[in-house]
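All of the numbers you see were taken from the coordinates with simple rules; none came from a lab. Values in this document were obtained by computation on a predicted structure and should not be read as measured data. As a convention, Cβ positions derive from the backbone with ideal geometry for all residues, glycine included, and neighbour counts pool all protein chains shown.
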Amino acid sequence: MQKKLILDSKQLHITLSRLCQQLIENHTNFSNCVLLGLQPRGIFLAELIHERLKSLKVNVPLGYLDATFHRDDFRRRDTPAKASETRVPFAIEGKNVVLIDDVLFTGRTVRAALDAMISFGRPAKVELLVLVDRKATRDLPIAADYVGKYVDTHDTQRVLVELQASGSKQNKVWLISKE
Amino acid sequence: MSKLSQRHLLGIKDITRGDIELIFETADNFKDVINRPIKKVPSLRDVTIANVFFENSTRTRLSFELAEKRLSADVINFSASGSSVKKGETLLDTVNNILAMKVDMVVMRHASAGAPHFLSKHIKANIVNAGDGTHEHPTQALLDGFSIREKLGSVEGKKIAIIGDILHSRVALSNIFALKKLGAEVMVCGPPTLLPKFISTLGVQVELEVKKALDWCDVANVLRIQLERQQLKYFPSLREYTLYYGINKKMLDDLKKKIVLMHPGPINRGVELTSDAADSHHSIILDQVENGVAVRMAVLYLLAGAA
């Protein structure tokens, strides 16, 4: 197994700052905007973005969305995926939603999340923010609007995002290869 | 683990504490789903479920049907009255005919104890027992446990009294198994004629006076007198039963602590519970019904997902 560092703690800090600045650049007014972190791992990134925006005097409501019951691989794997908490303490109807996840790979989670989100209402606009975009691995026509870093990967590789918020020692992003 | 240890839910006796906890955790998520503007998820959209009821039911059948529909399953309903069972078809033939129509899961209620266990040895589909005679009613016990956990934070260490017709109650037996597995203390209370002789071998306390049971417990789960199952006279009259074992609001208000009142339904108002007790702030009877849908969704989801 090979482990290659993609982003270290310092680079990650800069990347997060840039993502926040891009959000501010594209949203002149955050009054109608909400952040929605995707369970299970996107929520930690969403919390970091939420805090960073707060320190920039931008207050945006934050929610967690679990898409487990909307996944398209149910009954196609040995064990059912375990669901996590969904917490959407605001109306989705008419909002500008920023979906946040750590890694964009096949796009299937995002598709499920779009479905799950629509159970709460019809948003005015939906954007996608990801920390790592794995290029050329998409199964579905889905693209992110805000990307921390593009990475060339194979199907057999894995991207590991370690965040202090989720219990890791340091903020780091790794690319893991089997051989 | 996010997988049940069994392919079927035949009884609480066969499943582990881990299974029960997994069902509860999954039901938490489904309870959230059924409180959304759109109360439906697409998980079971390629699954067909047959609700096969050889015995009458309102709540359980509606609850299962709603759970199945909320999961986007295709549902067919069968009830013994008005079917070919009357013409002499055997249980296995009836079910095999239903399965020949490409059904993936069977939810079954039957008047004979062990009917779903028998079926599970002969058919491939997943089976959920929705009550077999006076034996088990696992989803009721799960929703009761889930409701206690929701109301009191956990089931572990809590004192739960099951009061009434224990002898004819599948709810009582499933509840005893479930609550013991979750680490609760369980007491049964009722007239001696309605207490099975060896019930204490299940590790439960036996109490004959309802007042003492109420003083002891954190939760009172009151059961219905099942007159339809009683071929003998177990007590002189319903009035006498009410006099000695009926629970009213004053009895609950006079207790030193606040207890939770449960009932699996249907309530015989004025027999085991007076109306003012059933509708009091002690009662979580309607929460039990709401939780029933979430818990059944969890069971169906976990069984279908591991197929």
Residues with amide H under 5 Å of residue A:100's amide H, sequence separation 5 or more or different chain, H placed in the peptide plane at 1.01 Å from N; which?
A:36, A:37, A:38, A:129
Based on DSSP H runs of at least 4 residues, each adding -39500 (n - 2.57), what is the mean residue ellipticity at 222 nm of the protein assembly as shown after dividing by all its residues, to the nearest 500 deg cm²/dmol?
-10000 deg cm²/dmol
Report relative contact order for region B:138-288 in percent, whole number only (criteria: Cα-Cα under 8 Å, sequence separation at least 6).
24 percent
Inter-part distance where region A:117-179 and region B:52-98 are each reduced to a Cα centre, Å:
45 Å
Quick check: from the Cα gyration tensor, does region B:64-173 come out rounded (a/c under 1.5), prolate or oblate?
prolate
Is any helix in chain B, taking whole DSSP H runs, at least 20 angstrom long along its axis by alpha carbon and on average at least 0.0 on the Kyte-Doolittle scale, and which ones?
B:285-305
Sort B:287, B:276 by Cβ crowding within 10 Å, fewest neighbours at the top.
B:276, B:287
Enumerate the amide H contacts of residue B:75 below 5 Å, restricted to partners 5 or more residues apart or on another chain; note that Pro and chain-start residues carry no placed amide H.
B:49
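Can you tell me the equivalent ellipsoid semi-axes for region A:33-80? Use √(5λ) from the Cα gyration tensor, largest first, whole Å.
The answer is 30, 10, 5 Å, longest axis first.
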Where does the charge balance sit around residue B:74 when Lys and Arg score +1, Asp and Glu -1, over other residues with C-beta under 15 Å from its C-beta?
+2
Counting only residues 5 or more apart in sequence or on a different chain, those whose built amide H sits under 5 Å from that of residue B:158 are B:185
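Is there a pair in A:82/A:149; B:69/B:180; B:212/B:249; B:158/B:256; B:180/B:250 whose C-alpha atoms are over 21 Å apart, and which pairs would that be?
Violating the 21 Å limit, Cα to Cα: A:82/A:149; B:69/B:180; B:180/B:250.
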Mind checking region A:137-179 for trypsin sites (Lys or Arg not before Pro) that DSSP puts in a loop (not H, G, I, E or B) and that have at most 11 other Cβ atoms within 10 Å?
A:169, A:178
Residue (of B:161, B:173, B:270) at the positive-pole extreme of region B:138-288, dipole from beta-carbon charges:
B:173
Pop out the ³J(HN,Hα) list for region B:188-198 in order, Karplus 6.51 cos²θ - 1.76 cosθ + 1.60 with θ = phi - 60°, rounded to Hz; leave Gly and Pro as x.
10, 9, x, x, x, 5, 9, 9, x, 4, 9
Proximal lysines relative to residue B:124, as straight alpha-carbon distance under 18 Å, when same-chain residues fewer than 8 apart are discounted
B:102
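Counting only other residues whose beta carbon sits under 13 Å from that of residue B:25, what net charge do I get with K and R as +1, D and E as -1?
-2
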Karplus (6.51, -1.76, 1.60) ³J(HN,Hα), θ = phi - 60°, over region A:61-67, in Hz, Gly and Pro reported as x
x, 10, x, 10, 10, 10, 10
With +1 at each Lys and Arg Cβ and -1 at each Asp and Glu Cβ, the charge dipole magnitude of the protein assembly as shown around its Cα centre, to the nearest 20 debye, comes out at 440 debye
What is the distance in Å between the Cα centres of region B:230-307 and region A:43-65?
45 Å
Cα gyration tensor category, rounded, prolate or oblate, for region A:1-143 with a/c compared to 1.5:
oblate
With θ set to phi - 60°, apply the Karplus curve 6.51 cos²θ - 1.76 cosθ + 1.60 along region A:137-144 and write out the HN-Hα couplings as whole Hz, x wherever there is a Gly or Pro.
10, 6, 8, 10, x, 10, 10, 8
